[in-house]
Amino acid sequence: MKEYDRVKLTVEKEKYTIDGAHKGMVGWICDPRNINGQWLVCFDECDLPQFPTIPVKEKDLEVVWELPLMQVGVNVILFTDTYVNIGLPKGLKGTVIDRGAKEGEWLVRFPVQTGIDCEKVCSVDEDYIADLAYVRVANDDV
């Protein structure tokens, strides 16, 4: 496990439920350090006014999505609405095509429909890399 991995809570324990985290909830590891066998997890897939962000024992977590190591040619899918304001909705598939102009950026090509078939290239900063998930698709599907 590592920072930005998406994890699921696999147990129901009072020490987690007291903060609003229950078995089956999904969140992300939001600190690179594993302290005393625990990861700091933000459970952001819930309908609470504030997302529970709590230390959770590694043995009580299951990785549901592992943060990829970005590289050219990798197929990805957006799984947040971070880029919806520039016409890239959640669920859109794309391909990493190059490093960005700035350190820590990647260029991702997304096919989009704007009346005619075209594509949009978006620069994705590594700070937002958790918005992307690897997908295995044939090149003609992207």
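The values are calculated or read from the model by the stated rules, or taken from the named source; none is laboratory data. In this text the structure is predicted, and so the values were computed from the model without any measurement. Every residue, glycine among them, receives a Cβ derived from its backbone with ideal geometry; neighbour counts consider all protein chains shown. Surface accessibility is based on the protein's heavy atoms, side chains included, excluding ligands, DNA and RNA. Shrake-Rupley method; radii C 1.70, N 1.55, O 1.52, S 1.80 Å.
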If GLN50 passes every condition in (1) in contact with a Phe, Trp or Tyr (Cβ under 9 Å, 6 or more places away or on another chain); (2) open to solvent by 70 Å² or more (accessible area, probe 1.4 Å); (3) among the polar types (S, T, N, Q) but one, which one does it miss? (1)
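State the number of residues belonging to segment 35-90 that are assigned to a loop (DSSP other than H, G, I, E, B), under 21 Å from LYS2 (Cα atoms) and in contact with an Asp or Glu (Cβ under 8 Å, 6 or more places away or on another chain).
So the answer is 8.
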Failed condition for VAL63, given (1) under 30 Å from LYS13 (Cα atoms); (2) open to solvent by less than 40 Å² (accessible area, probe 1.4 Å); (3) in contact (Cβ under 8 Å) with a residue 60 or more places away in the chain; (4) aliphatic (A, V, I, L, M): (2)
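Could you tell me which of the residues ALA101, ALA21 is surrounded by fewer than 18 Cβ atoms within 10 Å (Cβ to Cβ), among the small types (Gly, Ala, Ser), in a loop (DSSP other than H, G, I, E, B) and at negative phi?
Working: ALA21 fails: surrounded by fewer than 18 Cβ atoms within 10 Å (Cβ to Cβ).
Only one candidate passes the filter, namely ALA101.
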Is it the case that segment 33-43 has a residue that's surrounded by 15 or more Cβ atoms within 10 Å (Cβ to Cβ) and charged (D, E, K, R)? no
Log entry, pairs with first residue in segment 78-104 being within 11 Å of CYS122 (Cβ to Cβ) and in contact (Cβ under 8 Å) with a residue 12 or more places away in the chain, second being open to solvent by 80 Å² or more (accessible area, probe 1.4 Å) and in a loop (DSSP other than H, G, I, E, B), beta carbons closer than 8 Å, six or more apart or on different chains, reads LEU78/LYS90; GLY87/THR114; VAL96/GLN71; VAL96/VAL72; ILE97/VAL72
Which of the numbered conditions does LEU78 fail, given that it passes all the others? Conditions: (1) surrounded by 14 or more Cβ atoms within 10 Å (Cβ to Cβ); (2) more than 12 Å from the chain's Cα centre (by Cα). (2)
